[in-house]
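Structure first, then comments.
The values are calculated or read from the model by the stated rules, or taken from the named source; none is laboratory data. Note that the structure is a prediction, hence the values are computed from the model and not measured. Cβ sites come from the backbone with ideal geometry, for glycine too, and all protein chains shown count toward neighbours.
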Amino acid sequence: MIVTDVVLAQEQIPPPAVDGVAVAPLLVILGGACIAVLIEAFLPRHQRWPVQVVWTALVLVVALVSLGAYALGSPTPVITLGETLSVDPPTLFLWGTLLLLAIPSLLMIADRSVEPGGAFIPSAAERALARSGGSGGGGSSEHVDRSYGPPGDAPTMQTEVFPFALFALGGMMAFVAANDLLTMFIALEVLSLPLYLMCGLARRRRLLSQEAAVKYFLLGAFGSAFFLYGVALLYGYAGSVRLSAIANASAGSAVSDTLLFAGLALLLIGLLFKGSVAPFHTWTPDVYQGAPTPVTAFMAACTKVAAFGAIARVLYVAFGATRWEWRGVLWAVAIISMAVGAVLGLTQTDVKRMIAYSSIAHAGFLLLGTMAITQQGTAGTMFYLLAYGFTTLAVFGVISLVRNADGEASHLSQWAGLAKRSPLVAGVMTFLLLALAGIPLTSGFTAKFAVFSAALADGMAPLVVIALVASAVAAFFYLRVIVMMYFSEPAADGPTVVVPGAFTTMAITLGVLVTLLLGILPTPALQWASGGAFGG
């Protein structure tokens with residue numbers, strides 16, 4: 001009898017609707033990541049690098065082609081996979097942005113010319129050894145390098161980073177498309193766990209890299225806990241974790257609004273942590289500095305897209321009707337983030353930490369667009385993410401080229417007179433820093449103009465004035481680097497500029513070209529970003 005009831009119940013439950021064409025890019029990335037794991041399991045170590053590079057590139061190309069074919073067909077927004085994913089115009093734009101940013105990220109990860117053997121250690125279990133005379137804090141710590149390949153071969157690298165990167169990318173794509181908070185939490189973990197591991201795999205400065213991974217993991221666990229607790233409170237309020245159900249409940253519910261806003265606060269803490277928004281930014285400088293530079297570039301670009309894509313979806317779909325209640329809090333958060341990023345960035349002596357504080361300031365600027373809850377605000381935010389991502393990737397590509405005997409020469413004093421040693425590298429870095437400062441004819445100016453215009457149109461003029469002041473303050477530490485490169489004498493034992501291989505050259509070139517094109521011809525990207533609103 002029990003078996004019969006179960007069978008009848010199963011017959012009455014329809015299978016979830018799955019639009020395979022709509023979610024094909026996501027399925028390609030996750031499926032490719034699983035096959036990349038099998039490549040690691042069955043291929044000999046010395047054969048893995050070329051196979052993983054070709055396979056990962058093929059996966060990204062197929063995902064981009066499937067996304068382009070679907071988007072060009074003028075699709076209508078769909079909710080699929082049991083109503084867990086919403087594939088709408090913002091989702092398609094964010095997916096395209098993530099896949100495009102993943103290409104130069106992959107090129108930097110795969111490069112083995114800037115750092116012989118690659119930026120990643122051959123074995124994750126390799127113990128870090130502090131050299132005599134080192135600081136003891138990890139900054140000068142090295143490891144005993146081993147090739148793990150045939151005699152005479154160049155040192156190999158930890159090729160597990162390729163499936164890690166694909167899993168993280170798949171998690172990011174699911175994160176920005178999630179139609180309910182439980183799916184969003186699972187996607188958050190899928191994107192976070194590979195990044196925790198990748199941060200600790202640096203070939204040089206092993207202790208610093210491992211410290212960065214531990215800090216990121218511990219603080220990330222707290223962020224995930226806040227997010228999950230917020231999900232629980234919102235479920236208690238709305239009786240559902242679906243974004244549209246939360247929006248309907250907030251429009252008229254007998255339950256106390258305390259649960260609603262307490263849940264939103266905890267939820268936003270988890271999301272703002274991923275977006276490097278102050279005061280939830282404490283992991284950012286240490287992790288940016290300690291992680292391998294290709295991983296730092298991948299995080300700085302792609303994780304920012306995923307975090308703010310998810311923030312925009314949650315605020316737009318689930319909490320748009322209650323924006324006057326929570327907007328004041330986010331005003332304060334945006335001001336804190338802009339102030340922390342701009343002011344503390346002035347005090348930094350390490351280039352990677354300076355870019356970390358720059359990202360915190362940019363996160364404050366991005367909040368202006370996400371708070372607008374208008375189509376103009378959504379379009380400005382997404383364009384900003386695209387522009388910022390390519391510029392930041394190119395910046396970290398340039399940082400990886402300036403090196404000394406201990407690896408990257410990231411101290412600002414070591415960049416003195418760089419224009420005399422390598423005018424081309426100094427010129428590229430100058431252009432990218434001016435883009436981050438928002439100088440006209442760069443993507444940074446267009447992106448800030450789009451976000452600030454949306455904020456002005458939605459009545460946030462005081463916040464825009466504060467953002468302009470913060471931009472002016474932040475421009476000082478960009479200009480400080482430029483002045484040091486052009487108007488200071490290089491030290492006699494100063495660092496050298498490595499001639500990059502094809503992979504890093506292509507990554508930097510792509511970042512510079514996109515930064516220039518989005519500054520002088522932004523209309524196509526802005527029109528694509530303005531194609532529609534979040535659905536749910």
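So if I check each of 444, 397, 427, 407, which one is surrounded by fewer than 24 Cβ atoms within 10 Å (Cβ to Cβ) and at pLDDT 85 or above?
On the way: 444 fails: surrounded by fewer than 24 Cβ atoms within 10 Å (Cβ to Cβ); 397 fails: surrounded by fewer than 24 Cβ atoms within 10 Å (Cβ to Cβ); 407 fails: at pLDDT 85 or above.
One residue alone meets the criteria, 427.
With touching a Ser or Thr at 6+ places or on another chain (Cβ under 8 Å) and more than 18 Å from residue 313 (Cα to Cα) as the only criterion, which of 51, 37, 18 stands out?
Values: 51 fails: touching a Ser or Thr at 6+ places or on another chain (Cβ under 8 Å); 37 fails: touching a Ser or Thr at 6+ places or on another chain (Cβ under 8 Å).
Only one candidate qualifies: 18.
Out of all the residues in region 36-51, which are among the aliphatic types (A, V, I, L, M), in a helix (DSSP H, G or I) and more than 11 Å from residue 162 (Cβ to Cβ)?
Initially, region 36-51 is screened for residues among the aliphatic types (A, V, I, L, M), giving 36-39, 41, 43, 51.
Of the ones still in play, those that are also in a helix (DSSP H, G or I) are 36-39, 41, 51.
Across region 36-51, the qualifying residues are 38, 41.
This table checks each residue for (1) hydroxyl-bearing (Ser, Thr, Tyr); (2) within 23 Å of the chain's Cα centre (by Cα).
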| site | (1), (2) |
| --- | --- |
| 34 | no, yes |
| 38 | no, no |
| 43 | no, no |
| 46 | no, no |
| 51 | no, no |
| 57 | no, yes |
| 67 | no, yes |
| 70 | yes, no |
| 76 | yes, no |
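May I ask you to list the residues in region 197-217 that are surrounded by fewer than 21 Cβ atoms within 10 Å (Cβ to Cβ) and within 16 Å of residue 163 (Cα to Cα)?
Correct list: 197 only.
Let's see how each residue does on (1) of a type in the set (A, V, I, L, M); (2) touching a residue at least 12 places away in the same chain (Cβ under 8 Å); (3) more than 17 Å from residue 100 (Cα to Cα):
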residue	(1), (2), (3)
40	no, yes, yes
46	no, yes, yes
56	no, yes, no
61	yes, no, no
72	yes, no, no
77	no, yes, yes
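Conditions tested, residue by residue: (1) out of contact with any Ser or Thr (no Cβ under 9 Å at 6 or more places or on another chain); (2) surrounded by fewer than 21 Cβ atoms within 10 Å (Cβ to Cβ); (3) part of a helix (DSSP H, G or I); (4) of a type in the set (D, E, K, R).
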position: 338; (1), (2), (3), (4): no, no, yes, no
position: 342; (1), (2), (3), (4): no, no, yes, no
position: 347; (1), (2), (3), (4): yes, yes, no, no
position: 358; (1), (2), (3), (4): no, no, yes, no
position: 361; (1), (2), (3), (4): no, no, yes, no
position: 364; (1), (2), (3), (4): no, no, yes, no
position: 367; (1), (2), (3), (4): no, no, yes, no
position: 371; (1), (2), (3), (4): yes, no, yes, no
position: 377; (1), (2), (3), (4): no, no, yes, no
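Please state which of the following conditions residue 273 fails to meet, knowing it meets all the rest: (1) in contact (Cβ under 8 Å) with a residue 60 or more places away in the chain; (2) among the hydrophobic types (A, V, I, L, M, F, W, C); (3) assigned to a helix (DSSP H, G or I).
(1)
Among (1) of a type outside the set (Asp, Glu); (2) under 17 Å from residue 357 (Cα atoms); (3) more than 24 Å from the chain's Cα centre (by Cα), which single condition is residue 471 missing?
(3)
Please name all residue pairs, on different chains or six or more residues apart, with Cβ atoms under 7 Å, provided the first residue is in region 472-495 and is under 16 Å from residue 350 (Cα atoms) and the second residue is of a type in the set (Phe, Trp, Tyr) and not in a loop (DSSP other than H, G, I, E, B).
481/415; 484/415; 485/415
Residues to consider are 90, 75; find the one that is of a type outside the set (Val, Ile, Thr), surrounded by 15 or more Cβ atoms within 10 Å (Cβ to Cβ) and part of a loop (DSSP other than H, G, I, E, B).
On the way: 90 fails: part of a loop (DSSP other than H, G, I, E, B).
Going through 90, 75 in turn, the sole match is 75.
What are the residues in region 420-439 that are under 26 Å from residue 384 (Cβ atoms), of a type in the set (A, V, I, L, M, F, W, C) and in a helix (DSSP H, G or I), if any? Talk me through it step by step, then tell me what you get.
If we filter region 420-439 for residues that are under 26 Å from residue 384 (Cβ atoms), which is where we start, we get 427-439.
Going one step further and asking which of them are of a type in the set (A, V, I, L, M, F, W, C), we end up with 428-429, 431-437, 439.
Matches in region 420-439: 428, 429, 431, 432, 433, 434, 435, 436, 437.
Take residue 44 and tell me if it is modelled with pLDDT of 85 or more and surrounded by fewer than 16 Cβ atoms within 10 Å (Cβ to Cβ). Give the steps one after another, and end with the answer.
On the way: modelled with pLDDT of 85 or more: no; surrounded by fewer than 16 Cβ atoms within 10 Å (Cβ to Cβ): yes.
Considered against the rule, which asks whether it is modelled with pLDDT of 85 or more and surrounded by fewer than 16 Cβ atoms within 10 Å (Cβ to Cβ), residue 44 comes out as no.
Within region 295-304, does at least one residue satisfy the condition of being surrounded by fewer than 21 Cβ atoms within 10 Å (Cβ to Cβ) and either in contact with a strand residue (DSSP E or B) (Cβ under 8 Å, 6 or more places away or on another chain) or farther than 26 Å from residue 380 by Cα (or both)?
no
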